[in-house]
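The values are calculated or read from the model by the stated rules, or taken from the named source; none is laboratory data. Here the structure is a predicted model, which means the values were calculated and not measured. With ideal geometry, Cβ positions are generated from the backbone for all residues, glycine too; neighbour counts draw on all protein chains shown.
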Amino acid sequence: MKKPNRLINEKNPYLLQHAYNPVDWYPWCDEAFERAKTENKPVFLSIGYSTCHWCHVMEKESFEDDQVAKLMNDSFISIKVDREERPDIDGIYMSVCQMITGSGGWPLTVVMTPDKKPFFVGTYFPKYDRFNRIGMMELIPKIKDIWTTRIDEVLKSADEITSSINNQLSAQGSEEIKETILDKAYQELYRNFDDESGGFNTAPKFPSPHNLMFLLRYWKSKNESKALEMVEKTLIQMRLGGIYDHIGFGFARYSTDRNWLVPHFEKMLYDQAMLVMAYTETYLATKNLFYKKTAEEILEYVLRDMTNNEGGFFSAEDADSEGEEGKFYLWNADEIRNILSKDESDLTIKVFNIKENGNWIDEAKGTTSTTNIFHLKKSIKEISDELNIDTDDFSERLSVIRKKLFDYRKKRIHPHKDDKILTDWNSLMISALAKAYQAFNNKVYLDAAEKSFKFLENNLINKNGKLLHRYKDGESAVEAFIDDYAFLINALLDLFESTFDFGYFEKALELQSIIDKEFWDNKGGYYFTSVQNEKLIARQKDVYDGAVPSGNSIALLNLVRLFKITADLDYQTKIDTAIKYFSGQIYRIPSAFCMFLCGLNFLFSNSTEIVIVSESKDSIDSKALDLIRNNFNPNKIVLLKLIEKEKKYNLFFPYTGEMKLLDGRTTFYICSNYSCKQPVNKVSELEKLIT
C-alpha cells in the first residue's frame, strides 16, 4: 500500500495529485528550506498545474517511479508548487528559465540553493535520456556531484542569476508613448496573421482574445476594415474547428495545428471568460448572431459545468481521462451510429466530417487516429443552404442530435476537474457575464455575475477588506496578487455599469486604494506582490499579456475608467507614470501587450461619457438603455445619477453637480471627444446622439 507524503495535508488539487508519490515532497514552506540548510542539500522545485498534460507525463515517468524518487530523496529537498495558486513563485522562476534557456513552459523544473537562488532550470525531463533531453536518472547524479565537488561555483552562479533576474525585472523605460504605437502593434499582428485559418503565427495556436479585442478597438478608432476582418476570420475558424467542443460547448486551451482542428483538450476558465468578451464585442460591432450564439454557448458550459452552488467558478478541466489525452471528447463512426438513428447519424457524419478511420493525426504516436474530432468546414447556414434545408429547421435537428450525444458522453469517465476557485479568474468571468448581460439583455447572466461576486465577498475578502487568492473546500488561503485586485476592480466597475448599484463602485474604490498603497511603485506600475506578501528573491512587475492579461494592463484600464468617472487627477498621474515606465518594453514588441494597448486606445481615441439623471432606476426607458448598450463603443463610461442621492453623487462625481432633470423626466447628458452635447430627455433624441 502506498504511503502518503506531506502533500496529503494540502487542499490544492495539483498538490494532492502528488500526495502518494514516493518522492518526499514538501509544499512551499519555511520547513523545507530550513531542512535544506540543515542537511546542506539543494532544493528541487517542480511547478505545474492540475490540468497540465506534460506535468502528468513527468509524474508517471519519474515522480511515481521508485528509482527516480530514491535519487531525488537522497540528493534534494523536493518542493511541489501549483503555478495557479502561487503565480508569484512561478513568475519569478519562469522568468529565470526564459532568461537562461530562451523558452519556458510547464512542468517547470528548478534546482536552487537553500536560500532560493536558482542555478539550474528546465521544463520536462524524461526518466532516461531521449528526445535530446537528459533524463532524470542521469541528471540527478550530475547535479549532486556538482553540488558536492564544486559548491563555490554553484553558489557564485546562483548569485549571478539572481542578480541578473533582478536587473531584468527592474528595467524601466522613460519614453512618452505616442499614438503611433497602436499602428505598430496593428502592423505586427497583420504580418503574423494567418489569412487561411485565422489566428496568428503557425502551430501551436492560442485563442489570444485580447489580441482580437485590441483589433476591434483599432478598427473602431481607425476605420481599418482589415482589422475587423482578422477578428472575424479568427473567431469563425475557431468556432468551426476542433478547438471548440461542439457537443458540450466551451473552448480548449489551444490548437496543436494551424487549422484549429486538434486541440490540447484542457479547458481553462480564463479562456472561456476572455472569449466570451471577444465574441460579445464582435457581435456588438457586427450584429452577426453567430457571435452572440457562440458567447451564449460558452456561458452555458461555464454555468452548467464550472460553477459551484454558491456561484464560484472552478478553474479548469483536464485534457486527460482514463490516462489518455482527449479520450472523453473523441468519437468513432460506429459509436455515433449506435447512439443515433440512421438519418441522424448520416447527417452527423456528413456535417461534422466524421471518417471511418478517424479524421486526425495523433502526433504523439505519429499515427492516424481511429477516432474523430467533431469540427465544421463551413457555417451551419452555408451547410443548410447547400443541403437546401431551412436554416432554423436544420439547426433544430442538429440541436436534437447534440443533446443525444451529450447525454451519452456524460456517462463516460470525465476528465479531472480542478475545483479550486481563484479570485482573478472568477473576476474575469464576472466581467464577461456583466458584458454579456449588457449586450444581450439576459438577466440570467447578471444574476450569475452578482452571485459570483457575493461568493468572493463572503469567502475571499477578509475582515480588513483585503483579498485572498484561492478558495478550496471551505479554506481561503494565499494573500492576493495584483491580478486578483485589478481583475476584481474591473469586474466591480462592470457590475456598477450594469446595475448602477453604487455599492459596487464604492467597493472598487476601496480595493483601488489598497493596491495604490501596497502594490504601487512610485517609479511606475504595480508590483505583482504587495508589501505584505512573502519576500522572494525578486519582486516582479509584469505587463506582458500572455494567456491571461497582465495585472498592470487591466490596472491601466481601471485607472483610465476611474479617471473618466471621477475626474480625480491622482489617477491621471498614475496613468502617465505607468505608461512611461513600461514604454521601453512596449516599444520593442507592442503586439505582446494588446490589453495594455486597449487602455492606451481609450486614452488616444474618442471616448464617450454618458450621465443618466433620473428619479429612480425604474424610471429609465429600457429602450434608452438598449441604445446605450447595444453598440460597440468600448471607450465609454455610463453613470446613473439618482436625484434622491444627489449629494452622494455630487461628492464622488463633482462634475455632475449641475446635471438636473429636464421637465421632470429622465435626462441624458452625453460628452464625446472632450465636448458635451445639449442634454436630451427623449429616446428619439438620444438615438440621434449615440448612433
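From the set of residues in the stretch 21-41 that are touching a helix residue (DSSP H, G or I) at 6+ places or on another chain (Cβ under 8 Å) and assigned to a loop (DSSP other than H, G, I, E, B), which is surrounded by the fewest Cβ atoms within 10 Å (Cβ to Cβ)? Even if it seems obvious, please write down each step before you answer.
Initially, the stretch 21-41 is screened for residues touching a helix residue (DSSP H, G or I) at 6+ places or on another chain (Cβ under 8 Å), giving 21-28, 41.
After this cut, where a residue has to be assigned to a loop (DSSP other than H, G, I, E, B) as well, the list is 21-24, 28, 41.
Details: Asn21: 22, Pro22: 18, Val23: 25, Asp24: 16, Trp28: 19, Lys41: 19.
Looking at residues that are touching a helix residue (DSSP H, G or I) at 6+ places or on another chain (Cβ under 8 Å) and assigned to a loop (DSSP other than H, G, I, E, B), I get Asp24.
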Residues being at pLDDT 95 or above, surrounded by fewer than 13 Cβ atoms within 10 Å (Cβ to Cβ) and under 20 Å from Gly102 (Cα atoms) - total across the stretch 121-162: 1
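For Ile336, state whether it is at pLDDT 95 or above, hydrophobic (A, V, I, L, M, F, W, C) and more than 24 Å from Arg253 (Cα to Cα).
yes
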State all residues of the stretch 114-152 that are touching a residue at least 12 places away in the same chain (Cβ under 8 Å) and assigned to a helix (DSSP H, G or I); if no residue qualifies, say none. Met136, Met137, Leu139, Ile140, Pro141, Ile143, Lys144, Trp147
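Rundown of residues vs (1) in the same structural domain as Val121 (by TED's automatic domain parsing); (2) not in a helix (DSSP H, G or I), yes/no style:
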position: Leu155; (1), (2): yes, no
position: Ile165; (1), (2): yes, no
position: Ser174; (1), (2): no, yes
position: Ile177; (1), (2): no, yes
position: Ile181; (1), (2): no, no
position: Leu189; (1), (2): no, no
position: Asp195; (1), (2): no, yes
position: Met230; (1), (2): no, no
position: Lys233; (1), (2): no, no
Give the stretch 394-413 a look and list any residue that's touching a helix residue (DSSP H, G or I) at 6+ places or on another chain (Cβ under 8 Å) and either part of a helix (DSSP H, G or I) or of a type outside the set (Lys, Arg) (or both), or say none. Phe394, Ser395, Arg397, Leu398, Val400, Ile401, Lys404, Leu405, Tyr408, Arg409, Ile413
Considering the stretch 42-61, residues that are surrounded by fewer than 18 Cβ atoms within 10 Å (Cβ to Cβ) and of a type in the set (A, V, I, L, M, F, W, C), and then whichever is nearest to Glu266 (Cα to Cα), we arrive at Trp54
The stretch 61-113 - residue that is of a type in the set (Val, Ile, Thr) and assigned to a strand (DSSP E or B) and, of those, nearest to the chain's Cα centre (by Cα): Val81
Picked from the stretch 306-333 (must be charged (D, E, K, R) and in a loop (DSSP other than H, G, I, E, B)), the residue nearest to Ala252 (Cα to Cα) is Asp318
Whether any residue in the stretch 322-332 is outside the structural domain of Tyr14 (by TED's automatic domain parsing), surrounded by fewer than 23 Cβ atoms within 10 Å (Cβ to Cβ) and within 21 Å of the chain's Cα centre (by Cα) is what I want to check. no
Matching residues in the stretch 653-682 - criterion: being surrounded by 17 or more Cβ atoms within 10 Å (Cβ to Cβ) and out of contact with any strand residue (DSSP E or B) (no Cβ under 7 Å at 6 or more places or on another chain): none
For the condition among the β-branched types (Val, Ile, Thr), under 23 Å from Glu84 (Cα atoms) and buried (at least 20 other Cβ atoms within 10 Å of the Cβ), what is the one hit in Ile579, Ile554, Ile586? Ile554
Filter result (assigned to a helix (DSSP H, G or I) and among the small types (Gly, Ala, Ser)) within the stretch 566-600: Ala578, Ser583, Gly584, Ser591, Ala592, Gly599
